[in-house]
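Each remark here refers to the structure printed beneath this line.
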Amino acid sequence: MRNAGLSALICGAVLSMASAQLLAQPFPNKPIRMVVTSAPGGITDIMTRILSESIARTLGQPMIVENRPGAGGATAIAYVAKLPPDGYTLVIVNVGNISIAPWITKDLPYDPLKDITPVATVGEVPSLFAIYDKLPVRTLKEFTEYVKANPGTVNYGSAGQSTMPHLAAEVYSYMTGVKMEHVPYKGGLPAAIDLGAGRIQLSFLGIGSVRAQLAAKQVRVLAVAAPKRLAALPDAPTFAEAGLTGYDVTNWFGIFATSGTPRDIVQTLNGHISQAFDNAKAQEQLAAGGILPMKETVEQFQKRIVAETLMWRDVVKNAGIKPE
């Protein structure tokens, strides 16, 4: 009996030591999952796969990309919000999922400020102020004057009600006092097609959506919603250069973890993610998609989220948009 009891004590001690050693292993000690809010092939998915290649090298662990599309990103975010807060499952989101969704979505299945925690910014996809090429204007100022001189004749297209292109146009309208008719589409590509055909006169779209129309010279870009000019469109001025100072509408993408993830793990992830695009190959891939890399500390990212959540609340209110 004494031998059996001694053996049990020894086994228990060994198991306890093994568990302690496992817990003491530095993060990460196994693969990390990155949940994507969209289907494969979209801009979020492309950005994530570029990121995963780079971050796996610096973290020393594979990053497994898992697509969970649905409900405008809510499906993926709600899923990650309920997982253990250990830093091994992350989700990549955009500004719409975090700072805009609370004001336009009824019964949102997650609280962006409580259920998930910001880890790192990744990049931004600047909106292009793209107009039908045959309009008799050459600058943003001339376009604004044209709309004011021709009330009721200018329509702008978006990727859908309350999407970033819709709200970006609402900010422009509010700042300039112009009145335009909104034409919502089911995605940016259909809006780009109709813009190229002249059925609408303006749309705020990413370069990926309107690339074909730019190449065919069916549309022109009068301004870019970015802090600097895009390498892919060096002749297109920023909004500040075009004369509309203070137009700060950034379609950013960032990575979040489950709320309660230890601070040291969040900081570790932020450091590695911030370095992920510091190589020529990644930067070339991003530039091809019209993506600008972003680097912010955890604290800077947190401040951005709070400030933009309040800003988009006011934009939605001024536009008269009701939660659906």
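The values are calculated or read from the model by the stated rules, or taken from the named source; none is laboratory data. Since this is a predicted model, take the numbers as computed values, not measurements. So basically every Cβ, Gly included, is an ideal-geometry build from the backbone, and we count neighbours across all protein chains shown.
Tabulated values for the structure
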item	result
Selection count, the stretch 175-202, where residues are acidic (Asp, Glu) and within 20 Å of Lys141 (Cβ to Cβ)	0
Which numbered condition Pro136 fails, given (1) part of a loop (DSSP other than H, G, I, E, B); (2) more than 28 Å from Gln285 (Cβ to Cβ); (3) in contact (Cβ under 8 Å) with a residue 12 or more places away in the chain; (4) not polar (S, T, N, Q)	(3)
Among (1) in contact with a helix residue (DSSP H, G or I) (Cβ under 6 Å, 6 or more places away or on another chain); (2) modelled with pLDDT of 95 or more; (3) on the phi < 0 side of the Ramachandran plot - the single one Gly243 does not satisfy	(3)
Test: residue in the stretch 133-147 that is at pLDDT below 95, aliphatic (A, V, I, L, M) and under 24 Å from Ala191 (Cα atoms)	no
Residues satisfying the stated conditions in the stretch 203-219, i.e. within 18 Å of Pro136 (Cβ to Cβ) and either surrounded by fewer than 20 Cβ atoms within 10 Å (Cβ to Cβ) or touching a Lys or Arg at 6+ places or on another chain (Cβ under 6 Å) (or both)	Lys217, Gln218
Residue among Pro136, Pro109, Pro151, Pro126 that is within 17 Å of the chain's Cα centre (by Cα) and not hydrophobic (A, V, I, L, M, F, W, C)	Pro126
Answer residue from the stretch 191-202, given it is of a type outside the set (A, V, I, L, M) and in contact (Cβ under 8 Å) with a residue 60 or more places away in the chain and is surrounded by the fewest Cβ atoms within 10 Å (Cβ to Cβ) among those	Gly198
Any pair with Cβ under 8 angstrom, 6 or more apart, that starts in the stretch 22-34 at a residue that is closer than 22 Å to Val91 by Cα and ends at one that is modelled with pLDDT of 95 or more and of a type in the set (D, E, K, R)	Phe27/Asp264; Arg33/Glu66; Met34/Glu66
Odd one out for Lys217, checked against (1) touching a helix residue (DSSP H, G or I) at 6+ places or on another chain (Cβ under 9 Å); (2) touching a residue at least 40 places away in the same chain (Cβ under 8 Å); (3) farther than 19 Å from Tyr172 by Cα	(1)
Test for Gly290: is it on the phi > 0 side of the Ramachandran plot and free of Cβ contacts under 8 Å to residues at least 12 places away in the same chain	no
Unique match (being modelled with pLDDT of 95 or more, over 19 Å from the mean Cα position of the chain (by Cα) and not hydroxyl-bearing (Ser, Thr, Tyr)) among Leu195, Leu269, Leu233	Leu195
Among the candidates Tyr174, Tyr146, Tyr156, residue that is farther than 15 Å from Leu195 by Cα, of a type in the set (Phe, Trp, Tyr) and within 26 Å of the chain's Cα centre (by Cα)	Tyr174
Single residue of the stretch 287-309 satisfying the filter (small (Gly, Ala, Ser) and either within 23 Å of Ile100 (Cβ to Cβ) or at pLDDT 90 or above (or both)) that is surrounded by the most Cβ atoms within 10 Å (Cβ to Cβ)	Gly290
The stretch 126-172, residues that are within 19 Å of Thr245 (Cβ to Cβ), surrounded by fewer than 17 Cβ atoms within 10 Å (Cβ to Cβ) and among the polar types (S, T, N, Q)	Thr139
Residues (part of a helix (DSSP H, G or I) and surrounded by 15 or more Cβ atoms within 10 Å (Cβ to Cβ)) located in the stretch 276-286	Ala282, Gln283, Gln285, Leu286
